[in-house]
1. Identify the residue in the range 129-146 that is in a helix (DSSP H, G or I) and at pLDDT 95 or above and, among all such residues, is nearest to residue 46 (Cα to Cα).
2. What's the number of the only condition in (1) crowded, with 16+ Cβ neighbours inside 10 Å; (2) over 16 Å from the mean Cα position of the chain (by Cα); (3) in contact (Cβ under 8 Å) with a residue 60 or more places away in the chain that residue 29 fails to meet?
3. Being in a loop (DSSP other than H, G, I, E, B), without any contact (Cβ under 8 Å) to a residue 24 or more places away in the chain and on the phi < 0 side of the Ramachandran plot is the filter here; which residues of the range 56-100 pass it?
4. Scan the range 101-118 for residues that are assigned to a helix (DSSP H, G or I) and surrounded by fewer than 17 Cβ atoms within 10 Å (Cβ to Cβ) and jot them down.
5. Just checking, which of 61, 79 is open to solvent by 60 Å² or more (accessible area, probe 1.4 Å) and within 19 Å of the chain's Cα centre (by Cα)?
6. Looking at this structure, is residue 36 farther than 15 Å from residue 74 by Cβ and modelled with pLDDT of 95 or more?
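The values are calculated or read from the model by the stated rules, or taken from the named source; none is laboratory data. Note that the structure is predicted; figures quoted are calculated from it, not measured. FYI the Cβ positions are ideal-geometry reconstructions off the backbone, even for glycines, and counts take in every protein chain you see. Side chains included, ligands, DNA and RNA excluded: accessible areas come from the protein's heavy atoms. Shrake-Rupley method; radii C 1.70, N 1.55, O 1.52, S 1.80 Å.
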Amino acid sequence: MTRLLLVRHGESEWNAEGRWQGHADPPLTRLGETQAEAAVLPFPVSAIWSSPLVRARRTAEIIGGVIGIEAHVDARLQERDAGDWTGLTRAEIDERWPGYLARRMRPDNFEPDPPIAARALEVLDEIARQGSDGVLVVSHGGLIRVVERVFDAHDPPVPNLGGRELVRDGASWVMGERVLLLDGHRFDVTVTDLV
């Protein structure tokens with residue numbers, strides 16, 4: 001049995017500005033670094049994996065530095081490609097694509113859920129097969145929500161340093177509860193406008 005903690009990175013500069021990030025690579029803010037430094041893991045981990053994007057990689061490095069574990073990087077953990085929306089705020093998207101956000105529509109070059117789910121589950125399976133008891137996986141809000149939807153969960157957006165417990169038991173995954181590493185407790189919050 002392998003227990004994974006799939007979490008979102010700390011606050012990035014574009015999170016602070018309300019910009020859609022996708023594959024763009026803005027760094028953490030000082031608050032984002034402080035969030036990572038203060039992270040409280042709900043169970044011990046013996047391995048850390050991360051998206052290659054600097055906001056996730058730096059979060060993993062900071063947490064790893066605190067607990068003495070080096071982070072491994074895998075490109076399959078990166079955020080979805082936001083296409084034409086990369087770098088835009090919600091107001092800019094509404095101006096250029098009226099009604100798209102309200103109707104949950106996306107531009108043609110916005111990466112859809114199926115390929116994200118395929119790459120995310122592939123790498124999570126590989127990580128789980130390595131046999132570590134507890135694993136921290138630092139990724140992105142979009143990827144986490146896609147994984148949750150695979151398990152039929154339709155929760156609100158994931159806040160910075162929030163995430164989901166996953167347990168690999170034999171050949172199957174069991175989705176656990178959401179967690180917030182900023183205080184180490186499970187959370188049940190409504191987040192309405194996260195990028």
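1. Checked the range 129-146; the qualifying residue nearest to residue 46 (Cα to Cα) is 144.
2. Evaluating residue 29 over (1) crowded, with 16+ Cβ neighbours inside 10 Å; (2) over 16 Å from the mean Cα position of the chain (by Cα); (3) in contact (Cβ under 8 Å) with a residue 60 or more places away in the chain leaves (3) as the failure.
3. 70, 97, 98, 100
4. 113, 114, 115, 117, 118
5. One residue alone meets the criteria, 61.
6. Considered against the rule, which asks whether it is farther than 15 Å from residue 74 by Cβ and modelled with pLDDT of 95 or more, residue 36 comes out as yes.
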